[in-house]
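Only one structure is covered here, and it is reproduced in the block below.
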Amino acid sequence: MPRVSAPPAPAAPGRPKRADLVAEEIKRLITERDLRPGDKLPRENELQQLFAVSKSTMREALKSLEVQGLVTITTGPAGGGRIVEVTLDRTFQLMQNYLFFKEVTIDDIYAARKLLEPELAAGAVPHLTEADFEALTHSIECCDPSSGKTADVVAQRKEDLNFHDILALANPNPFLRFTCQLINEMLRQLTVFENDTPTRTQRRFGEANVRVHQDIVAAARAGDAGTVRRLMAEHMVEASGFVKKLNGKLRGRLVLDSEMTRRGASIGSGIRRRSDR
């Protein structure tokens, strides 16, 4: 392989640091060699020679990639850099940093959900498996107020979101799937209900969700993507209204990563990674 020339050193204030430029070159190398999550990077000394940089610059570049969530670095004889897939949790943390000084409201989030969720659900219909339908049914049972499986309103709302995540995992459009999962994660992690809304209103919200989720599953089983799209659009409008009645809002920008609850190993019972199918 021909030697790759070293990235130019920054010539003026405000230009990227040399280590940052090397990190971008390593990303390019990953693409050129078609490396995938789990694959190892060349050893550190090989990368130094390849990019003609010092050990300290290379270590800073690798550390930058590790902070970005693209690689993990281990030490020892068998150590080095290994490619990893950036997790939704990590992406959510970065998005939260981006939104730190933005005034994002529940209305803003539901404006996006109203546009995206109907298409997400309709696009998932041809790809839903029996395991998916079992997981959707289980989610409905868990968020049903009459089932007694999920007692408090916040837990029920999180289970409602699991239903949407199951549909997201079945949709073949990776960008649409990612965007909707990210919105769901924001609602799951940051939505709070800080009033004494009557239990009757909370129960009505749960019952309404159960009804429309059941109708969506029935239409999906029938392969009727058009009806699924219409039902989901109606669902988003109705859910937005209920959230306002419950005085749901996003916790402010002072919420730190260390304060956020971590997700479980899976989203809802019965869901498997699409790659395992």
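The values are calculated or read from the model by the stated rules, or taken from the named source; none is laboratory data. Remember, it's a predicted structure, so these values are computed and weren't measured experimentally. Cβ sites come from the backbone with ideal geometry, for glycine too, and all protein chains shown count toward neighbours. Accessible surface areas use protein heavy atoms only, side chains included; no ligands, DNA or RNA. Shrake-Rupley method; radii C 1.70, N 1.55, O 1.52, S 1.80 Å.
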Computed FRET value (nearest 0.05) for D34 with Q214, which takes r as the C-beta separation and R₀ as 30 Å: 0.10
Cβ-Cβ FRET estimate between R203 and Q93, R0 fixed at 25 Å, reported to 0.05: 0.15
HN-Hα couplings for the stretch 62-67 via Karplus (6.51, -1.76, 1.60; θ = phi - 60°), in whole Hz with x for Gly/Pro, come out as 5, 4, 4, 5, 5, 4
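For the stretch 6-114, state which GluC sites (Glu not before Pro) are in a DSSP loop and have at most 15 other beta carbons lying within 10 Å of their beta carbon.
Listed in order of number, the matching sites are E85, E103.
Taking every pair of alpha-carbon atoms in the stretch 16-70, give the share separated by more than 15 Å as a whole percent.
42 percent
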State which entries of K102/K244; K17/K102; K27/K102; K40/K63; K102/K158; K114/K244 exceed 26 angstrom in Cα-Cα distance in the structure shown. K17/K102; K27/K102
Determine Rg/Rh for the stretch 17-139; Rg is computed over alpha-carbon atoms and Rh is the Kirkwood hydrodynamic estimate from the same atoms. 1.13
Taking all protein chains in place and a 1.4 Å probe, what share, in percent, of the accessible surface of the stretch 76-133 do carbon and sulfur account for? 61 percent
Mind checking the full-extension length gain between E141 and L115? Use 0.36 nm per residue of separation minus the Cα-Cα distance, one decimal, nm. 6.7 nm
